[in-house]
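A.B. asks: Below you will find the structure I want to go over with you.
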Amino acid sequence: MAAAPSPIRPEPFLAIGPSTIKEELRKERNRLRNQHWGNTTGLRQAKHLLGGYNLTRYGETLNLSKGKLRIITGFLTGHCRLRGHLHKLGIWSNDLCRFCDVNEETPVHLLSECEAVERRREGTWAITGQVTKQYNR
Ligand SMILES: [Zn+2]
């Protein structure tokens with residue numbers, strides 16, 4: 001039999017259990033995380049690709065190998081070896097997508113827009129179990 005909750009001062013005594021308090025704190029923590037994420041300026045690529053804060057995804061990311069983490073970081077920041085970024089750095093002559101040769105080659109373009117890699121992209125999402133609608137905003 002569980003012990004009755006002890007009164008929390010000041011009076012009047014409210015019978016709020018520990019699990020209720022934990023749940024409210026968890027909700028408040030998530031609300032503040034999402035608020036911080038939304039109020040942080042910049043992060044255009046990451047916000048577009050990730051949507052909001054996700055603790056499960058965060059934990060999964062930490063378990064990735066260094067090589068995979070480097071690729072994901074590059075895609076989320078836009079600082080990767082795609083032609084859009086290489087062109088901005090003056091390393092590549094143009095910023096056009098190597099697959100469709102129409103749009104700027106960016107992570108967002110390859111992950112959600114490029115029609116030339118659409119079949120490959122959908123196959124990859126099906127294999128990894130990713131939710132494609134998350135990347136198709
Ligand atoms: Zn393309």
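A.B. asks: Give me the aspartates and glutamates in straight-line cross-link reach of residue 88: C-alpha distance below 16 Å, same-chain residues under 8 apart excluded.
C.D. replies: Output for residue 88: 104, 105.
A.B. asks: Can you put 99, 13 in order, fewest other beta carbons within 10 Å first?
C.D. replies: Working: 99 16, 13 11.
Listed from fewest to most nearby Cβ atoms, that is 13, 99.
A.B. asks: At 7 Å along Cα-to-Cβ for each site, give me the label-to-label distance between residue 79 and residue 28 in nm.
C.D. replies: In this crude label model, residue 79 to residue 28 measures out at 3.6 nm.
A.B. asks: Could you tell me the calculated FRET efficiency between residue 69 and residue 101, based on Cβ-Cβ distance and R0 = 25 angstrom, to the nearest 0.05?
C.D. replies: Numbers: r = 30 Å, r/R0 = 1.21.
Efficiency computed from Cβ-Cβ geometry: 0.25.
A.B. asks: Continuing with the same structure: Please compute the net charge surrounding residue 95, taking Lys and Arg as +1 and Asp and Glu as -1 over other residues with Cβ under 15 Å from its Cβ. Walk me through the numbers before you get to the answer.
C.D. replies: Details: positive: 81, 83, 88, 98; negative: 101, 104, 105, 113.
With Lys, Arg at +1 and Asp, Glu at -1, the net is 0.
A.B. asks: Also, quick follow-up: Can you give the Rg/Rh ratio of region 17-77, where Rg is from the C-alpha atoms and Rh is the Kirkwood radius? Walk me through the numbers before you get to the answer.
C.D. replies: Details: Rg = 14.6 Å, Rh = 13.4 Å.
Here the Rg-to-Rh quotient is 1.09.
A.B. asks: Nearest 0.05, what FRET efficiency do residue 50 and residue 122 give at R0 = 22 Å with Cβ-Cβ as r? Don't skip to the answer; put the middle values down first.
C.D. replies: Values: r = 19 Å, r/R0 = 0.88.
The computed FRET efficiency comes out at 0.70.
Read the figures in this text as sums done on the coordinates, not as results from a lab. Computed from a predicted structure; not experimentally measured. No Cβ is skipped: glycine too gets one built from the backbone with ideal geometry, and neighbour counts run over all protein chains shown.
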